[in-house]
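The values are calculated or read from the model by the stated rules, or taken from the named source; none is laboratory data. From a predicted model like this one, the values you see are computed outputs, not experimental measurements. Using ideal geometry, Cβ is built from the backbone for each residue, glycine included, and neighbour counts are taken over all protein chains shown. Ligands, DNA and RNA are stripped out before the accessible areas are found, and what is left, the full protein with its side chains, is counted by its heavy atoms. Shrake-Rupley method; radii C 1.70, N 1.55, O 1.52, S 1.80 Å.
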Amino acid sequence: MADIVGFMISKRQLIVDATLQHIFISLFAVLLGALVAIPLGILLTRKKGMAKPIMAVAGIVQTIPSLVLFGLAMPVFGIGIKTGLIVLILYSILPILQNTYTGIREVEHKYIESAKGMGMGSLQILFNIELPIALPVIVAGIRISTVYIISWATIAALIGSGGLGDLIFTGLQTYNYNMILSGALPACLLALITGVLIGAVQKAVTPKGLRNWKGG
């Protein structure tokens, strides 16, 4: 234990730089994935005939092993952070898309009918009724996606994307277990902390009445 602590202290700047790069790659991928998935999920609730085939395509991408998808992307996009981000964005879409679609679809019809009775238009219903009620479910999708992407971003180091995966694979190549742990431990902590923080956000955005109802 003393060995790994001493090693990590001696390599602290390397670990900090790799951690910051890992955070950037992961959060940027999830952000861009959400910018695609949330509007698409909203669209699918309005165009239900499109939902099944698009969800199927997104599901197929999700089932492809990450090493395979990185390998398929390399000949097209080359080696580097751009390729890693493209693959991670694709992986980030499905959980957010599913939760956006499900969250809006599960809004009780009586709320929508009441809003229509008050003279609200479709956009007003979306932003004032459906999205606020569905928001905790959407945030849960973002939480799942973020934790997954933090893990998969370590594999992206194989194609030159950097991050904590660089330390892990350097350690594997040199049989340096301290180097492996210097990448693996921060990656695990990053996933755990991010999950807790986004979980707190999910609780905060849950409407009080809905939270009390769930608690009962």
Given a cut-off of 28 Å, name the pairs among LYS48/LYS110; LYS47/LYS110; LYS47/LYS116; LYS48/LYS116; LYS52/LYS203 whose C-alpha atoms lie farther apart than that in the structure shown.
-> LYS52/LYS203
In whole Å and largest first, what semi-axes does the C-alpha gyration tensor of the range 80-172 yield when each eigenvalue is scaled by 5 and square-rooted?
-> 41, 11, 8
Carbon/sulfur fraction of accessible area - the range 92-216, other protein chains in place, 1.4 Å, % = 64
Estimate the FRET efficiency between ASN128 and VAL57 by the formula 1/(1 + (r/R0)^6), using the beta-carbon distance for r and 35 Å for R0, to the nearest 0.05.
-> 0.65
Enter the accessible area per residue of the range 78-158 (Å², integer; probe 1.4 Å; all protein chains in place).
-> 46
First select every other residue whose beta carbon is under 15 angstrom from the beta carbon of LEU43; then total the charges, Lys and Arg +1, Asp and Glu -1.
-> +4
Please give the residues of the range 20-58, grouped as numeric ranges, whose backbone N is less than 15 Å from a label point set 7 Å along the Cα-to-Cβ vector of LEU72.
-> 56-58
Kirkwood calc, the chain, C-alpha pairs only, radius in angstrom 19.0
What does the helix-only formula give at 222 nm for the chain: each DSSP H stretch with n ≥ 4 adding -39500 (n - 2.57), the total divided by the residues, and the result rounded to the nearest 500 deg cm²/dmol?
-> -28500 deg cm²/dmol
If every Lys and Arg gets +1 and every Asp and Glu gets -1 at its Cβ, then about the Cα centre the range 88-166 yields a dipole, in debye to the nearest 20, of 80
